[in-house]
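I have placed the structure first, in the form of structure tokens, so that the comments after it can refer back to it.
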Amino acid sequence: MSADPATALPEDPVALVRAMGTRARTAARTLAALSTATRAAALRAAAAAIRADAPAILAANARDVAAGEARGLSAALLDRLRLDVARLEGAAAGVEAIAGLPDPVGALVSEDRRPNGLVLRRVRVPIGVIGIIYESRPNVTADAGALCVMAGNAAILRGGSEAIESNRALHAALQRGFVAGGVPADAIQLVPTTDRAAVGAMLAAEGLIDMVVPRGGKSLVARVQAEARVPVLAHLDGINHSYVDGAADPAMAQALVVNAKLRRTGICGATETLLIDRAFADPAPLLAALIDGGCELRGDADVQAIDPRVRPVEASDWDTEYLDAILSVKRVDGVEDAIAHIARHSSGHTDAIVTEDAATAERFLNGVDSAIVMWNASTQFADGGEFGLGGEIGISTGRLHARGPVALEGLTTYKWTVTGTGQIRP
């Protein structure tokens, strides 16, 4: 198999995806038969290749960032796009961490012996071929490729045009490492064109792509969910809430909320709405810390009365994922009012409560129906690596198959094996 799929693939997007899918299907069968040790060794070789290629990858990323600045990309998108030495090392370390995780492939989910003596087992197996469609973040190339391969799946990666140089450099390093470790080159393929028609071709590739994972803005994910003829694992927005209860520790509340909003504003785990209990004694220092930290606050008259620097809020703000240093703020009447607001406006991604009252926290944890619900923790922890998963292919806000950070186990399904001793059905 060619180590560079682009050299032998057609230019027509539909034919291109079909050729890539056919190669990926063959590679997936080979991957499924490889041992845990072989797949893990390939990931460690891929991490070493990323480190070895660091100068070339960072140079490619610098070209993407310069092009993005020239195109007028927002500060949030540029932050998602930008790699530096630390972020690239984080990507390499993440690939290594995935190699050290327990392998779900072949794991026994359940076992049952029927009265007639049949033994039924459910065993985890790879899904097959995973298509990942993503924007801006070149680190997804490393995370998604490593997770798919470690779970025994072949990956077809389609990154955004704004990160094309970075993705190509990262893909080349990953693929070289995988091949050195005994994994087929076609186990990880990068769509070589930025033609948007390739996305549509991936969404229609029934029988070649088993699942599509979109990672990007609302328009991308909405298109994928509307057009896909293959299963989709996705979330739309990260409209996340941090609720400061009347029983919250003020110093903790300030530290958590500032981190939840401002640590990195362009990630899907950033808080976008702050809810403050009217019983919280002194919200002024909390708002001041956010504004002084460079955050624009938007609130109604109640919030503006606390700090005149707060700008007026619009109804649409409650349903906006800013991905920027902007935060909508509302005062609520206790935990039930907070839960009701979240039910109306949350995207079901991540919502958090800050309180010292365990009973109130329990009410929030049970009452908020999101993929991730937190107590006294920053919403920025909504990340597969922080959950000990070694990385994530995305955060699912759906209810089927997988929910929350999706890592190795979420990239497997299961099959039944039935062992008998000659039983026939009467």
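The values are calculated or read from the model by the stated rules, or taken from the named source; none is laboratory data. Everything numeric in this text was worked out from a predicted model, so none of it was measured. Note that we place each Cβ from the backbone using ideal geometry, even for glycine, and neighbour counts take in every protein chain shown.
Among the numbered criteria (1) basic (Lys, Arg); (2) in a loop (DSSP other than H, G, I, E, B); (3) in the same structural domain as Gly299 (by TED's automatic domain parsing), which single criterion is violated by Arg399?
Status for Arg399: all satisfied but (3).
Quick one: is Leu170 buried (at least 23 other Cβ atoms within 10 Å of the Cβ) and not acidic (Asp, Glu)?
yes
Could you please give the count of residues in region 83-118 that are charged (D, E, K, R) and either surrounded by 18 or more Cβ atoms within 10 Å (Cβ to Cβ) or at positive phi (or both)?
Total satisfying the criteria: 2.
May I ask you to verify whether Ala197 is out of contact with any strand residue (DSSP E or B) (no Cβ under 6 Å at 6 or more places or on another chain) and modelled with pLDDT of 95 or more?
When the stated conditions are applied, Ala197 does not pass them.
Failed condition for Val335, given (1) part of a helix (DSSP H, G or I); (2) without any contact (Cβ under 8 Å) to a residue 40 or more places away in the chain, with all others met?
(2)
Looking for something within 30 Å of Gly152 (Cβ to Cβ) and buried (at least 22 other Cβ atoms within 10 Å of the Cβ) - is there at least one such residue anywhere in region 338-346?
Looking through region 338-346, none of the residues is within 30 Å of Gly152 (Cβ to Cβ) and buried (at least 22 other Cβ atoms within 10 Å of the Cβ).
Within region 44-80, restricting attention to residues that are at pLDDT below 95 and of a type in the set (A, V, I, L, M, F, W, C), which residue is surrounded by the fewest Cβ atoms within 10 Å (Cβ to Cβ)?
Among those residues, the one meeting the criterion is Ala75.
How many residues, within region 374-423, are of a type in the set (Phe, Trp, Tyr), more than 16 Å from the chain's Cα centre (by Cα) and surrounded by 14 or more Cβ atoms within 10 Å (Cβ to Cβ)?
2
Look through region 375-403, keep the residues that are modelled with pLDDT of 90 or more and small (Gly, Ala, Ser), and return whichever of them is farthest from Ala155 (Cα to Cα).
Going through the qualifying residues, I end up with Ala377.
Just a yes or no: is a residue in region 151-163 in the same structural domain as Leu9 (by TED's automatic domain parsing), hydroxyl-bearing (Ser, Thr, Tyr) and buried (at least 24 other Cβ atoms within 10 Å of the Cβ)?
No, the conditions are met nowhere in region 151-163.
Within region 58-82, which residues are aliphatic (A, V, I, L, M), more than 17 Å from the chain's Cα centre (by Cα) and under 11 Å from Ser136 (Cα atoms)?
Once the filter is applied, which keeps residues that are aliphatic (A, V, I, L, M), more than 17 Å from the chain's Cα centre (by Cα) and under 11 Å from Ser136 (Cα atoms), region 58-82 yields Val65, Leu73, Leu78.
Identify, please: which residue in region 408-425 is part of a loop (DSSP other than H, G, I, E, B) and touching a residue at least 24 places away in the same chain (Cβ under 8 Å) and is, among those, nearest to Pro104 (Cα to Cα)?
It comes out as Leu408.
Hey, among the residues in region 178-216 that are charged (D, E, K, R) and under 19 Å from the mean Cα position of the chain (by Cα), which one's surrounded by the most Cβ atoms within 10 Å (Cβ to Cβ)?
Arg215
Of the residues Ala198, Ala146, which single one is within 19 Å of Leu411 (Cα to Cα), in the same structural domain as Asp12 (by TED's automatic domain parsing) and out of contact with any His (no Cβ under 7 Å at 6 or more places or on another chain)?
Ala146
So for region 180-187 (the condition being at pLDDT 95 or above and part of a strand (DSSP E or B)), does at least one residue qualify?
No - not one qualifying residue is present in region 180-187.
On the basis of being surrounded by 17 or more Cβ atoms within 10 Å (Cβ to Cβ) and in the same structural domain as Gly159 (by TED's automatic domain parsing), does Ala41 make the cut?
yes
Would you call Pro10 touching a Leu at 6+ places or on another chain (Cβ under 7 Å), in the same structural domain as Leu190 (by TED's automatic domain parsing) and surrounded by fewer than 18 Cβ atoms within 10 Å (Cβ to Cβ)?
It is true that Pro10 is touching a Leu at 6+ places or on another chain (Cβ under 7 Å), in the same structural domain as Leu190 (by TED's automatic domain parsing) and surrounded by fewer than 18 Cβ atoms within 10 Å (Cβ to Cβ).
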